[in-house]
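The structure appears below as structure tokens.
The values are calculated or read from the model by the stated rules, or taken from the named source; none is laboratory data. Keep in mind the model is a prediction, meaning the values are calculated, not measured. No Cβ is skipped: glycine too gets one built from the backbone with ideal geometry, and neighbour counts run over all protein chains shown. SASA here: full protein model, heavy atoms, side chains in, ligands and nucleic acids out. Shrake-Rupley method; radii C 1.70, N 1.55, O 1.52, S 1.80 Å.
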Amino acid sequence: PPLFATRAATYPATLMQHELKSTAAGSLEQDAVAFVAVAGARVHLSVYGREYSEYDVQIAAEIFAPEVLTSGQGGGYSVEFGTRKYFQVEVPAGLCELAFSFTSANRVRASTRPTSTLTFEIPAASGAAAAPVYYDAASGKLTNASAYVGRDATYVNTRGLPTANKIYLMGPRRVSLHVSGGLQPPQSYEDSTLPFSLQVDIKGARVACVNGTQALDSGAQSLDYGETHFYSIRIPKSWPYLHLEMLGLVDKVDMLLSTVVDFPLSDDEGFHTSTACGNCVRTYARRQLDMRPEEWPAMAAWEGARTEGACTSSTVIIPSVVEDDPAFMLHVAVRSVATTVGQTSQYRMLAWGLDDDCGWRPTCAACSDAASKCSWCSSGGGGGRGFCGGKDIADVGGFPQSTCKNAFCPVIDICSGHSSCGGCMRAFGCGWCANAKHPGVCMSAAGATSLGGPPAGFCDAWQTEPNADCAVACAVHNGAEESPCAACALDAGCGYCQPSLGAGACTTGTMYGAASGQCPRADAKWVFGSDSACTTAGADTAVSAIPIVADGVEITGNLDRQSTACALGACRSVVFAAEVPENGPYDLLATLNITATNSPTNREMTAVVIQEGGVRLLASYGRVPRSAEGEHDVRGIIMTAVQGGSNSLVAPMGLCDVKGGRAYFVVELVHPPPASLANLSTASVTLRLERRTSVLEIAPLDTAATAATAAKSSSTTQPADWTCCGQKRHVSLKLPAGTETSLAVRVAATIGSTEGQQSLRVTTRKGACPTDAVADRDSGATGSVVMMTVDPPPPTASATAADSERWYVAVAGEARPGTGKAS
């Protein structure tokens, strides 16, 4: 039914009742409500569901004429119940603090609504699309940081009591706000209007830039109710460790740290939050500052982002620091924990850099081990666990050297006498702090716990259980950026198993070998006690691979989980290699089958191993592939019935513009194995490598025949083929001689993946292999059928030249490497 609602003086919102009834089973009945309102008005539509399929519709329209407020302006106002009172305020450029105070008057009639609302309608900031982003776990997507996004914020006010807060947002933008006692029209027993007072103040937020060449001492700072201060700290290479102390002087404070969001406002925008800090002490390794919460997935949109925050507009720029590594920024938000208006929080924040020789040492005892160059220093506020600083800390970090002790540590620590994880774990009350780059340290577990856990920034693994596996502590050295072997070999009780092929691993052991007995072995040496024997993987031993010498020949290999380095993170692999000639295209297809396992009672085990994902096949050109993402060209997929089978792994490799060399194929048992293959320890495999057809000949035209009978074209057809895994299929076409010859190419997708048919991309190039970047013709991703015509050779080309040139065609599906989709 048509419904016309206009704004009368008494503003009676029009209310109509309706009922929906289904006319047949499974049918859906709909009602439509039409209304007319004055141009520029705001219309409020409410639908209230009632019993069964009945509902009420309420429509109210009002003129939208907001009152403009400037900073510091406000006063007394009133609004009719059933309507809203609108305001607008301009927020200038930069990070701003919008503070407000709102109080609605007490009720005259006791039956009147007891609360009112103040709502801020905040549009997205200008340029918000390019603003720093973080991962929103609720939506599973990247989103803009809170300071940039558009949002609504509603505050409920109990009448007669003040409501105040501070909102932080990046300007410039225009913010709308409105006050309402509810959109329901006033009843006869209610007050008709809502008196209220409102004041808005806008100013630049308190931000500070620390350029990373001297220490930060904020001095005593005060935070009002709802207030937040922001700091951005550049971390130069001269600060491999950053020592940060937050001292809550009055009522404590909250501290939020982020390396992604320049002005963090919510807990999920940072990697660390300390609530109610009274004496929060943190030391961060510089390498840890480019970090995000573990639950945040890796996303390319983050890479290369420069979130300089408060330092963006800083007038003190150190070019060497900025050019050195602009991405290493730590953003700190300090916010009040005051719970009532008028209450304040006070704090003092200190931050300074520590050198690599001393900064990593988490205890006084560990610091005194290097007394010739290190000193144990008390924390800036006189509390906390302290830190280990170099003799030149006053120059490097700017911290007063008077707080540092050059003498012995006064407290006897029964834990500090243990230099290995094993000895530390056998000592009551001790914990082992493992560091990826440096030897581990034994320290009091109770002392660490009393300070909120092991020192942040020092411990990449923290072991306290008496029966803890020290192999876990040794394994942290695998994450050392420069030399994991050296870091491992210099840590007591740890040794490095360095294979001739691929990366090695750090584990527990003695000078005679790994505790697991899996190293040394034929293809790996054991490095223990000294880093002098560390070498780059593969530098002292040639890659040992089973050669594939003939096309289509099956080559066998054996996998043995018991005699390999599975406990070190990767089981023994079988490596195959095939020589690749210089002339291309040279597309290869590797097919892997399991021929025997250690489960003779299960006749189907050979097929189950592949179907259940117990083995993997990897392939790369010019390098030995590894299982990590980005370290192989192709990961084998299960052959589908359409492609000719169901119990094989296949890995197609498209090689066109190659200059010889080797293609490597690695077969390995997956570790840990799938639950259904928990007892699988050995397997025999066969690998068959085939060169796929890649040269097509087109018959020449019969130019001797008369025009009436001569064929105007000749053609050839490539047999049905397929590609997957981000690889391309290549063919070369030899055109017949003749200056007027042109080439037409038609490619059709006949079979897609199990998720539906995929689009094709076809590229062509004369005289050389096409690439994604260089091609004479590029179809783009055009769907299931691609047709293109290639121009003939230029008229000046001789028949001999035309005869010697080839056209190269590459066909690719939309699948990406590693997805396992076939096209």
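Values as computed for the structure displayed
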| read-out | value |
| --- | --- |
| Burial order of peptide ranges 75-84, 40-49 (average beta-carbon count within 10 Å, highest first) | 75-84, 40-49 |
| Calculated FRET efficiency for the pair ALA748/ASP356, C-beta based, R₀ 56 Å, to 0.05 | 0.40 |
| Long-range HN-HN contacts of GLY150 with modeled amide H, under 5 Å | ALA124, ALA125 |
| Estimated FRET transfer efficiency (GLN611, THR716; beta-carbon r; R0 41 Å; 0.05) | 0.60 |
| Net length gained if the chain between ALA124 and THR340 were fully extended (0.36 nm per residue, minus Cα distance) | 74.8 nm |
| Heavy atoms of ASP268 accessible to a 1.4 Å probe, total area in Å² rounded to 10 | 70 |
| List SER238, SER627, SER218, SER620, ordered by accessible area with a 1.4 Å probe, largest first | SER238, SER627, SER218, SER620 |
| Segment 141-215: chymotrypsin sites (Phe, Trp or Tyr not before Pro) in DSSP coil with no more than 12 other Cβ atoms inside 10 Å | TYR189 |
| Estimated FRET transfer efficiency (SER266, LYS734; beta-carbon r; R0 60 Å; 0.05) | 0.40 |
| Interchain or long-range residues, amide H under 5 Å from ASP633's placed H | ALA619, SER620, TYR621 |
| Accessible surface, 1.4 Å probe, highest first, among residues LYS373, LYS525 | LYS373, LYS525 |
| Cα-projected label distance for ALA678 with SER530, points at 7 Å along beta-carbon direction, nm | 4.5 |
| Sequence of LYS203, LYS728, LYS659 from largest to smallest accessible area, 1.4 Å probe | LYS659, LYS203, LYS728 |
| From phi via Karplus (6.51, -1.76, 1.60), per-residue ³J(HN,Hα) for segment 164-171 in Hz, x at Gly/Pro | 9, 6, 10, 10, 10, 8, 8, x |
| Cα principal axis extents for segment 36-106, largest first, Å | 51, 34, 25 |
| For ILE63, solvent-accessible area (1.4 Å; no DNA, RNA or ligand), Å² | 90 |
